[in-house]
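Enquirer: Supplied in structure tokens, the structure appears directly below.
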Amino acid sequence: MEVKVNEQTRKKSEEDKHISLVINGNQYSLEVGYGSYQVKPSDTLAYTLRETLGLTGTKVSCDDGACGSCTVLMSSKAVPSCMILTVECAGKDITTIEGLGDPKTGTLDPLQQSFVDHTAFQCGFCTPGMIMSAKALLNENPHPTEEEIKEALSGNFCRCISHYQVLEAVLAASEKDGGDND
Amino acid sequence: MIDSYRYIGKETPRRDGAEVVTGSAEYVDDIRFTNLLYGEVLRSPHPHARIKQIEKSKAEVLGGVEAILTWENVPDWKFGTPTIFRILDRKVRFVGDAVAIIAARTKDIAREAARLIEVEYEVLPPVFDMEAAMKPGAPQLYEELPGNKLPLYAPVLGPKSLTEIVMGDVEKGFAEADVIAEGTFGYENIPNPLPPEPPSAVALWQEPNKVTVWVSNQQVWLNRKILSEIFGDNVEVRAIGGPCGGSYGSKVMSWQVQCYAAALSKATGKPVKVCFSKEEHLAAFVLRPETRIHARVGMKKDGTVTAISGKWLLGTGYYSMTTQAQLSVGAGEAQIAVRCANWDVKPTIVCTNRNASGIVRGFGGQELKCALIPLLSLAMEKADLDPFEVLKKNYLKPGDGYYWRDGNWYSYRGVDYTKAMEKGAQTFGWKAKWKGWLKPTALNGTKRTGVGVGIHGNADIGEDVSEAYVRLDPEGRAVIYSSVTEHGTGQRSNCIKVVAEVLQLPLEAVSITPSDTLITPVEWGPAGSRGTYAILSAAIAAAEDAKQKLLQFTAPLLGVGMGDLETEDGFIWVKNRPDNRITWKDALELRTVLGHGRFNPDYSFANCMMSFVEVEVDTETGKVTLLRVVNATDVGQIIDPPGIRGQLNGCLGTAGIDSALFEETVLDRATGCVLNANMIDYKWRTFSELPPIDNVIMETPFPSHRFGAVGIGEVATSPGPSAVLMATSNAIGVWLHEYPVTPQRVLEALGKVGSK
């Protein structure tokens, strides 16, 4: 089947070949296509972050939206990056685990530091996703109750059972934050 | 506990903490390679079939495809016990068995190529039930295994590995018994340990005979050993290990993943990565073995076990690598948990057309306990005995002995666990909650609560060998050369702790190399809770050796004997004359000191964990809720308090307590398909359902190494499942015989629904 495309549509589609988004405060313009350097329409955000941009801090476990391992922030909300197509992310503001803390000085975000202080991990594979889910909660609710933390993290799979230490880490981080503000 | 330690028993941050929380910890799939190809596996849709023909021409011409291997052109690599299992075979033996492996420039192309391969099968009848598989006329999985029965001998454990529990005279034992109970219990739900990171490997084959494999598991040297056996000793295997995103034993069985990557790399000359999807992880990677035991138990009124006789059936799925070794360890652990003079327990290992069983925490013993403790309970019920008292009485005591996995008899040299058990019972409130057999602890409308207790212990805490080097640098630093990778227990950080303690250095002055068999010495790796005794013993010995060499070298410089010297924080001084001191740098100048440490196997210690659980059963819905867990143990000396707490809290997941409550791999016994091969349908515990856990950890020093500690982590999952079965049975007043205690099974037992 032959498709006739008028000049205006062709021009627009070329513009559409790029998607702009902000990741960890940096502006990215990604070209959509099937080349090795391009973003395919079928690429998930998790894939683009890891394979195209090299941000491997986001870990993929189930790749099916069930385990929370690949959680990132989109406009401050926790989302499973394996269930979002990158082409849907135009204009979005994304934060990954690499966007917390200050890599130049090596300073950790207080929430990350609290995870270290409470040894709130064992194998550590689920930890970046866990921290991003907790970060989203604390952004919205700086002083959550233990029940609210459990609810916010209930989509995050941890097989080693570090849940108890994670709860302590998140509670401590939120209390510390309270101390600073009060 | 000795308070004078600088680091041992103190809370210190995990060395890899910053990498873990920033996401910069590099798991295998995070490592970047040049010219990397992606491996994909084409899998069988049939549980049992012969491959008649494979047409791969359409796939071969797809742009970006670099190699397609099938049974016809793959190297004839075999492994397993016995060594008859090929990486790609002419026959497929479960839904998901590998038919072809493909290397391509992208994952998408590799997947597309897999879709384009046309396979013609001659479908064969499958068999899924263990007993049916042994019957005459049953479908045969392998010509080499008549009756689908596997040989019981485990060569990895030595020339006379334990293949049964037979001793004394059971007839005499039954004659002495006051009660005899008989029954069948099965732990056949084949749960998946399900680490978050999927099984993965990258391999680079450099012709003619060098291969480097980046592995994801905790036993890097063992990977090298296994691959060397498969490829032949003329091939130089280098295994490199990094952080492992959970294993719980399972990923030690990664030889197939690694061989796919190696074969594809050999075929293409490029590095090849194979990462299983979660569906492959759940439907085509290893599960717990299934266990069914029919046995008779004789018991006296005082709780003395006089005889145990029965048949122990172990299902291993389509192949075995370690099921025989799991049998041996389980058989040894049975004697540790139950002092009994007369045994006659004969096992059989059976192959069926499902994905394989393999290594999981509890390694044979958990599977056995899940049936053995309920069988003992039937006798306790007849004699009207409190299970806590009977389990406490019958657990291994100093001076007792056991036949261990290697077939040798060992006398136990460790501590008496009675106090730890009693403290656990007290913390749980056992006396007040125990109301007698098949009696609920409390009734609350349609809900009933019940309690149960289980026990487990392992003498593998001193299994196999470890080596370490410790290098002292002039600047007052130490480097540990170790093949240990971090898989969650904090073992690498604990190596740093003990070395810093021996050398009296600041923690930050001690570092540990990456695990790389080209550089780091032989190390069996963390398994069977051996980290604390075996691995740390090698690190301690290496540090002591280095320290001795340092002082020996320095003594003439200070004009004293080396026995007069002490070192701390990079200084060496004459005892009682702290002013007469020099720095390591002044002593060593441009020189390093290398210490070597080795640990040889010692099976004369066993650990112990007792778990108490309380459950609530909703008699309307059949749902069983875990209300509380108390774990009790004695570890001699805690090395790292948050680390051990994490390990013991691990009692729930990794096919532990939850495998008695809701976890199971659902195999469709008509088609052989796993019906819940995704993380929504495979049930796992969420944050919203956390029961309180109390860990009672006593510290009675063991005569192990200088810190008097032994390990416990591996067994944390093992005492709980049988305790849940006991608690649920007590709550509803009827014995349950199978795991998990699903609403269906509970309602059936209550007579509220018909059986399936």
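The values are calculated or read from the model by the stated rules, or taken from the named source; none is laboratory data. For clarity, every value in this text was computed on a predicted model and none was experimentally measured. For neighbour counting, all protein chains shown are included, and Cβ atoms are generated from backbone atoms with ideal geometry for every residue, glycine included.
Enquirer: List the number of the failed condition for residue B:335; all other conditions in (1) in a loop (DSSP other than H, G, I, E, B); (2) under 14 Å from residue B:458 (Cα atoms); (3) of a type outside the set (A, V, I, L, M) hold.
Expert: Only one criterion is unmet by residue B:335, namely (1).
Enquirer: Consider only pairs whose beta carbons are under 8 Å apart and that are at least six residues apart or on different chains; among these, list those whose first residue lies in the stretch B:688-714 and is away from every other protein chain (no Cβ under 14 Å) and surrounded by fewer than 22 Cβ atoms within 10 Å (Cβ to Cβ) and whose second residue is assigned to a loop (DSSP other than H, G, I, E, B) and among the aromatic types (Phe, Trp, Tyr).
Expert: From residues that are away from every other protein chain (no Cβ under 14 Å) and surrounded by fewer than 22 Cβ atoms within 10 Å (Cβ to Cβ), the pairs are B:708/B:702.
Enquirer: Regarding residue B:625, is this residue in a loop (DSSP other than H, G, I, E, B), surrounded by fewer than 24 Cβ atoms within 10 Å (Cβ to Cβ), over 23 Å from the mean Cα position of the chain (by Cα) and away from every other protein chain (no Cβ under 14 Å)?
Expert: When the stated conditions are applied, residue B:625 does not pass them.
Enquirer: Something else: Regarding the stretch B:21-34, can at least one residue be identified that is polar (S, T, N, Q) and under 30 Å from residue B:500 (Cα atoms)?
Expert: Here is the first cut: in the stretch B:21-34, the residues polar (S, T, N, Q) are B:22, B:24, B:34.
Among the residues that remain, those that are also under 30 Å from residue B:500 (Cα atoms) are: B:22, B:24.
Yes; the residues of the stretch B:21-34 include at least one that is polar (S, T, N, Q) and under 30 Å from residue B:500 (Cα atoms).
Enquirer: Any residue that is in a loop (DSSP other than H, G, I, E, B), closer than 24 Å to residue B:476 by Cα and in contact (Cβ under 8 Å) with a residue 24 or more places away in the chain - is there at least one of those in the stretch B:527-537?
Expert: Checked against the condition, which is being in a loop (DSSP other than H, G, I, E, B), closer than 24 Å to residue B:476 by Cα and in contact (Cβ under 8 Å) with a residue 24 or more places away in the chain, the stretch B:527-537 yields no hits at all.
Enquirer: I've got another one for you. For the stretch B:7-16, what are the residues that are of a type in the set (Lys, Arg) and surrounded by fewer than 22 Cβ atoms within 10 Å (Cβ to Cβ)?
Expert: To start, the set of residues in the stretch B:7-16 that are of a type in the set (Lys, Arg) comprises B:10, B:14-15.
Residues satisfying the conditions are B:10, B:15.
Enquirer: Restricted to the stretch A:55-92, and to residues that are hydrophobic (A, V, I, L, M, F, W, C), within 12 Å of chain B (Cβ to nearest Cβ) and in a loop (DSSP other than H, G, I, E, B), which residue is farthest from residue B:685 (Cα to Cα)?
Expert: Out of the qualifying residues, it is A:55.
Enquirer: Hey, any hits in the stretch A:93-106 for a residue that's assigned to a strand (DSSP E or B), surrounded by fewer than 23 Cβ atoms within 10 Å (Cβ to Cβ), more than 7 Å from chain B (Cβ to nearest Cβ) and at pLDDT below 95?
Expert: Within the stretch A:93-106, one or more residues are assigned to a strand (DSSP E or B), surrounded by fewer than 23 Cβ atoms within 10 Å (Cβ to Cβ), more than 7 Å from chain B (Cβ to nearest Cβ) and at pLDDT below 95.
Enquirer: Which ranges mark the strands (runs of 3 or more DSSP E) fully within the stretch B:340-443 that have 2 or more residues being under 30 Å from residue B:125 (Cα atoms) and of a type outside the set (S, T, N, Q)?
Expert: In the stretch B:340-443, the matching strands (runs of 3 or more DSSP E) lie at B:343-350.
Enquirer: Conditions: (1) within 12 Å of another protein chain (Cβ to nearest Cβ); (2) closer than 21 Å to residue B:64 by Cβ; (3) under 15 Å from the mean Cα position of the chain (by Cα). Residue A:48 meets all but one. Number of the miss?
Expert: Evaluating residue A:48 over (1) within 12 Å of another protein chain (Cβ to nearest Cβ); (2) closer than 21 Å to residue B:64 by Cβ; (3) under 15 Å from the mean Cα position of the chain (by Cα) leaves (1) as the failure.
Enquirer: Among B:477, B:471, which is away from every other protein chain (no Cβ under 14 Å) and either buried (at least 24 other Cβ atoms within 10 Å of the Cβ) or touching a strand residue (DSSP E or B) at 6+ places or on another chain (Cβ under 6 Å) (or both)?
Expert: Details: B:477 fails: either buried (at least 24 other Cβ atoms within 10 Å of the Cβ) or touching a strand residue (DSSP E or B) at 6+ places or on another chain (Cβ under 6 Å) (or both).
Selected residue: B:471, the only one of B:477, B:471 that is away from every other protein chain (no Cβ under 14 Å) and either buried (at least 24 other Cβ atoms within 10 Å of the Cβ) or touching a strand residue (DSSP E or B) at 6+ places or on another chain (Cβ under 6 Å) (or both).
Enquirer: Another question, then. In this structure, is residue A:8 outside the structural domain of residue A:138 (by TED's automatic domain parsing), at pLDDT below 95 and more than 22 Å from residue B:28 (Cα to Cα)?
Expert: Numbers: outside the structural domain of residue A:138 (by TED's automatic domain parsing): yes; at pLDDT below 95: yes; more than 22 Å from residue B:28 (Cα to Cα): yes.
Answer is yes for this residue.
Enquirer: Moving on. Could you please find all residues in the stretch B:721-742 being of a type in the set (Ser, Thr, Tyr) and not in a loop (DSSP other than H, G, I, E, B)?
Expert: Of everything in the stretch B:721-742, those that are of a type in the set (Ser, Thr, Tyr) and not in a loop (DSSP other than H, G, I, E, B) turn out to be B:722, B:728, B:729.
Enquirer: Another question, if that's okay. Search the stretch A:124-155 for residues being in contact with a Phe, Trp or Tyr (Cβ under 9 Å, 6 or more places away or on another chain) and under 20 Å from residue B:645 (Cα atoms), and hand back the single one that is farthest from the other protein chains (Cβ to nearest Cβ).
Expert: A:130
Enquirer: Return the residue satisfying two criteria in turn: it lies in the stretch B:644-682 and is of a type in the set (Val, Ile, Thr) and more than 9 Å from chain A (Cβ to nearest Cβ), and of such residues it is farthest from residue B:741 (Cα to Cα). Give the derivation first.
Expert: Going through the stretch B:644-682, the residues of a type in the set (Val, Ile, Thr) turn out to be B:644, B:654, B:657, B:665-666, B:671, B:674, B:680.
From what's left, more than 9 Å from chain A (Cβ to nearest Cβ): B:644, B:657, B:665-666, B:671, B:674.
Details: B:644: 29, B:657: 11, B:665: 14, B:666: 14, B:671: 24, B:674: 20 Å.
Per the stated criteria, the residue is B:644.
Enquirer: For residue B:594, all conditions in the list (1) loosely packed, with under 15 Cβ neighbours inside 10 Å; (2) assigned to a helix (DSSP H, G or I) hold save one; what is the number of the exception?
Expert: Checking residue B:594 against (1) loosely packed, with under 15 Cβ neighbours inside 10 Å; (2) assigned to a helix (DSSP H, G or I), the one that fails is (2).
Here is a yes/no grid of residues against (1) under 21 Å from residue B:388 (Cα atoms); (2) β-branched (Val, Ile, Thr):
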position	(1), (2)
B:629	yes, yes
B:632	yes, no
B:644	no, yes
B:647	no, no
B:657	yes, yes
B:663	no, no
B:672	no, no
B:681	no, no
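Enquirer: Looking only at the stretch B:567-590, count how many residues are surrounded by 12 or more Cβ atoms within 10 Å (Cβ to Cβ) and either of a type in the set (Val, Ile, Thr) or at negative phi (or both).
Expert: Matching residues across the stretch B:567-590 total 15.
Enquirer: Among B:658, B:694, B:681, which is the only one that is among the charged types (D, E, K, R) and more than 25 Å from residue B:424 (Cα to Cα)? Before you say what the answer is, go through the steps one by one.
Expert: On the way: B:658 fails: more than 25 Å from residue B:424 (Cα to Cα); B:694 fails: more than 25 Å from residue B:424 (Cα to Cα).
On inspection, the qualifying residue turns out to be B:681.
Enquirer: Restricting attention to the stretch B:480-516, which residues are in a loop (DSSP other than H, G, I, E, B) and buried (at least 22 other Cβ atoms within 10 Å of the Cβ)?
Expert: B:482, B:483, B:484, B:485, B:486, B:487, B:488, B:489, B:490, B:505, listed by residue number.
Enquirer: So residue B:654 clears everything in (1) at pLDDT 95 or above; (2) crowded, with 23+ Cβ neighbours inside 10 Å; (3) polar (S, T, N, Q) except one condition, right? Which one?
Expert: (1)
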